[in-house]
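Report on the structure given below.
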Amino acid sequence: MDEAILIFLQEHVRTDVLSPVLLFITNLGHYGAIWFVMAIFLTFRKSTRDQGILALTSLLLSGGIAECIKHLVMRPRPFLQIPEIIPLGQTPHSFSFPSGHTVCAFAVAFILWRTCTGWQRFFVMGFAVIMAFSRLYVGAHYPTDVLGGMVVAFFGSCLVWRLRNVICNRK
């Protein structure tokens, strides 16, 4: 099923208009860069400092867990396993499972979902979804890599949130 989804995206969804947009978005996510900058920015503003610290902690914890899993699972990238897949942009050299872009995006998005209100939470979550989709679109990950990344980020962010509650209750 992973293979069929990627081939469908390549053959029926990729367009000359959409490709540069999703390549730009996927490039923003290299090494969690956009999410790290977002968390740091929130940390520097007094009114959002707690959000930033939580987002940064979730990003670092979830990203670290994901890197460990990558080296345990050692799943090859789809463009290395499926001859029909033509990757867009720079081809990654690391393992595929879980998607690091997705982990970073959702590690921050899950924290901000809990701490923001209104349009902000939908904006961040929507951006995380687009980031995750971009990894499929460019042929860098299998759908199960992206799903696995969401799961890692969910548990990492839940752990950070739980630790936050423990610390706040002790004060």
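The values are calculated or read from the model by the stated rules, or taken from the named source; none is laboratory data. Here the structure is a predicted model, which is why all the values come from computation and not from measurement. Backbone-built Cβ (ideal geometry, glycine too); neighbour counts: all protein chains shown.
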Worksheet item: Does region 47-60 contain at least one residue that is out of contact with any Cys (no Cβ under 6 Å at 6 or more places or on another chain), basic (Lys, Arg), without any contact (Cβ under 8 Å) to a residue 40 or more places away in the chain and surrounded by fewer than 17 Cβ atoms within 10 Å (Cβ to Cβ)?
Response: yes
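Each row is one residue, and each column tells you yes or no for (1) more than 20 Å from Ala55 (Cβ to Cβ); (2) small (Gly, Ala, Ser); (3) in contact with a Pro (Cβ under 9 Å, 6 or more places away or on another chain).
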position	(1), (2), (3)
Ala107	no, yes, no
Thr115	no, no, no
Met125	no, no, no
Gly139	yes, yes, yes
Leu163	no, no, no
Practice prompt. Scan region 67-96 residue by residue and report those that are of a type in the set (A, V, I, L, M, F, W, C) and either over 17 Å from Ser134 (Cβ atoms) or buried (at least 24 other Cβ atoms within 10 Å of the Cβ) (or both).
Written response: Cys68, Ile69, Leu72, Val73, Met74, Leu80, Ile82, Phe95
Discussion item. Out of Leu23, Leu54, I need the residue that is under 25 Å from Phe95 (Cβ atoms) and modelled with pLDDT of 95 or more. Which one?
Written reply: Leu23
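Yes or no, residue by residue, for (1) in contact with an Asp or Glu (Cβ under 6 Å, 6 or more places away or on another chain); (2) surrounded by fewer than 24 Cβ atoms within 10 Å (Cβ to Cβ); (3) of a type outside the set (D, E, K, R):
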{"residue": "Cys104", "(1), (2), (3)": "no, no, yes"}
{"residue": "Trp113", "(1), (2), (3)": "no, yes, yes"}
{"residue": "Cys116", "(1), (2), (3)": "no, yes, yes"}
{"residue": "Arg121", "(1), (2), (3)": "no, yes, no"}
{"residue": "Met125", "(1), (2), (3)": "no, yes, yes"}
{"residue": "Ala132", "(1), (2), (3)": "no, no, yes"}
{"residue": "Arg135", "(1), (2), (3)": "no, no, no"}
{"residue": "Pro143", "(1), (2), (3)": "yes, yes, yes"}
